[in-house]
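The values are calculated or read from the model by the stated rules, or taken from the named source; none is laboratory data. Computed from a prediction, not measured in an experiment: that's the story for all the values here. Cβ: placed from backbone, ideal geometry, glycine included. Neighbour counts: every protein chain shown. For the accessible areas, the whole protein counts, side chains as well, though only heavy atoms, and no ligand, DNA or RNA atoms are used. Shrake-Rupley method; radii C 1.70, N 1.55, O 1.52, S 1.80 Å.
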Amino acid sequence: MEACRAEIAESYPCRDALVRKLYRYYRTGDPFPPAVYVYGQTSTGKSTIVQRVLRCEELVCAYVNAIACYTNRILFDTIVRQLHPQDTADEGGQRVEQLERADRKLEYVKDFVAELRQHLPAERAYVIVLDNAERLRDMAHNLLPLLLQLPEATGLNISVVLVASLPYEKFYTRTGLPPVVKVFVPEYTRQEMQRILYGDYRHRAYPAAVTEEFYRNYINLFLGTFWKVCRDVKELRLVANDVFTAYCEPVLDGTIPAHDSVRLWRNVSKTLRATLSTMYMRLGAVGATAPGDGSPWLARNLELPYYAKYLLIAAYLASHNAAKEDRRLFVKNHGKQRKRLQTVNARAKVTERMSIKVGPKAFNLDRLLAIFYAILDEKVGLTCNLLAQVSTLVHLKLLAYASSSPAAAASSSSAASEGMLDGSATRLQCTVGLDFIVQIGRMVGFNVRQYLSDFF
């Protein structure tokens, strides 16, 4: 046990309490708890540590992702195939048994329970790990109560580990659920995150000028900028490695001494600001490689789906054109328009009054989709995938929420995104500039300036 704990602590520090709890529940020789519910925020090491602990115990385990197993048949078949021991028959017997199981359809709960009773030896212990368990709320209503009482239904020493990001209270139904062992995994504190990021120094080869004290100062500076924006371990480690190249470059060139932290901070501050706004786009240290303001370079290196580019163009046109101009800009037969002196003077744009200089205005989802279908040549149906690309643009900070319904405004960004997909009155803004959107338009062969009222 201690050897395995030390191995896990070396790879995944700051999670010794979680490892101890899992060992207490799944130590060999004792009956397992019927169900253990492990929950916490994303990127806290829940799934990985659960798998490592159970692998060290050499148990018969089944690791299932609820996102991939979206029906009862796929879920039951995946669990049975991973739990069934393959060394109980000869090669010919295994072949016949596999063919028989392939013809059998495990679509109902009774078939799944009968399969476990028939093919699993009672003297062994089994564990089923179900990742992204919050997806069970969208499946059959009797599936979750069965998994929580699986030892009672099968008569086996079997346990179910549910790994989710929601608290257990979100699963309660009218009929109620049996009690489970709940294990909460907290987020990493700043000191723990420093320890995790500092551990990368020992696993990488750096020049002699990059000492431990130099790398520790860099991690403190990096977290001072990014800690309030992101708590995801994977994202922080990726961005920290990218920015560190620009941070230590003047030290390796000899232009700035390693002990002059003030000059190093001033040299890398531009890179930090640029990376801070594009950290979820996986573009690396933008400020160190992009010329000028970096907008055209960023647009050329940003990989977006085809329809997402048109959605972004439509969002920019909706943010920088007045709603009353949509008919004239996007409808072919919009009728004749009289040229009055008052209209001519109103359209005589001054630089300070141009929409692209004033800033983006808010628009609703209906107007965004109307402009999208007007500028797109082909016919596309309104599907969930199309609406999900709007949420992706929001996640990439290319669009921003301006206002929403009262319930969505009081909730988080994810709740507002769900409200948008449900059709609520959510209003958005486009956050990119003219140079950026012009470059996106060139990639799809669309002239953006032709549809901006400022250039008429």
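Side notes on the structure shown:
- Close pairs from segment 393-405: first within 15 Å of Ser319 (Cα to Cα) and open to solvent by less than 30 Å² (accessible area, probe 1.4 Å), partner assigned to a loop (DSSP other than H, G, I, E, B) and modelled with pLDDT of 85 or more, Cβ under 9 Å, at least 6 apart: Leu393/Leu304; Leu398/Leu304; Leu398/Thr431; Leu398/Val432; Leu399/Thr431; Leu399/Val432
- For segment 11-29, a residue qualifies if it is β-branched (Val, Ile, Thr) and modelled with pLDDT of 90 or more, and exactly one does: Val19.
- Positions within segment 7-39 being touching a residue at least 12 places away in the same chain (Cβ under 8 Å), in a helix (DSSP H, G or I) and either open to solvent by 30 Å² or more (accessible area, probe 1.4 Å) or closer than 22 Å to Tyr168 by Cα (or both), in sequence order: Glu7, Ser11, Leu18, Val19, Arg20, Lys21, Leu22, Tyr23, Tyr25
- Scanning segment 168-187 for residues that are open to solvent by less than 50 Å² (accessible area, probe 1.4 Å) and either in a strand (DSSP E or B) or touching a residue at least 60 places away in the same chain (Cβ under 8 Å) (or both) returns Tyr168, Pro178, Val180, Val181, Val183, Val185.
- Of all residues in segment 30-39, one or more are among the charged types (D, E, K, R) and either modelled with pLDDT under 90 or touching a helix residue (DSSP H, G or I) at 6+ places or on another chain (Cβ under 7 Å) (or both).
- Selection status of Tyr215, in contact with a Phe, Trp or Tyr (Cβ under 6 Å, 6 or more places away or on another chain) and outside any loop (DSSP other than H, G, I, E, B): yes
- Being over 30 Å from Tyr26 (Cα atoms) and more than 23 Å from the chain's Cα centre (by Cα) is a property that does not hold for Val180.
- Residue list for segment 245-257, filter: in contact (Cβ under 8 Å) with a residue 24 or more places away in the chain and in contact with a helix residue (DSSP H, G or I) (Cβ under 6 Å, 6 or more places away or on another chain): Ala246, Tyr247
- Those residues of segment 67-86 which are assigned to a loop (DSSP other than H, G, I, E, B) and over 19 Å from Leu120 (Cα atoms), in sequence order: Ile67, Ala68, Cys69, Tyr70, Thr71
- Residue list for segment 65-80, filter: under 14 Å from Leu162 (Cβ atoms) and surrounded by 18 or more Cβ atoms within 10 Å (Cβ to Cβ): Ala66, Cys69, Leu75, Ile79
- Residue, most open to solvent (accessible area, probe 1.4 Å), within segment 432-445, restricted to residues that are in a loop (DSSP other than H, G, I, E, B) and under 17 Å from Asn321 (Cα atoms): Gly433
- Of the listed requirements (1) surrounded by fewer than 15 Cβ atoms within 10 Å (Cβ to Cβ); (2) among the small types (Gly, Ala, Ser); (3) outside the structural domain of Pro121 (by the TED database), Ala240 misses just one: (1).
- Pairs meeting the criteria (first residue in segment 191-203 and more than 13 Å from Leu236 (Cβ to Cβ), second residue open to solvent by less than 20 Å² (accessible area, probe 1.4 Å) and part of a helix (DSSP H, G or I), beta carbons under 6 Å, at least 6 apart or on different chains) are Tyr201/Tyr215.
- Filter result for Arg204 (buried (at least 18 other Cβ atoms within 10 Å of the Cβ), of a type in the set (Lys, Arg) and at pLDDT below 90): no
- Of residues in segment 40-61 being part of a helix (DSSP H, G or I) and over 16 Å from Val185 (Cα atoms), the one modelled with the lowest pLDDT: Cys56
- Annotation for segment 350-359: no member residue is modelled with pLDDT of 90 or more, outside the structural domain of Thr275 (by the TED database) and open to solvent by less than 30 Å² (accessible area, probe 1.4 Å).
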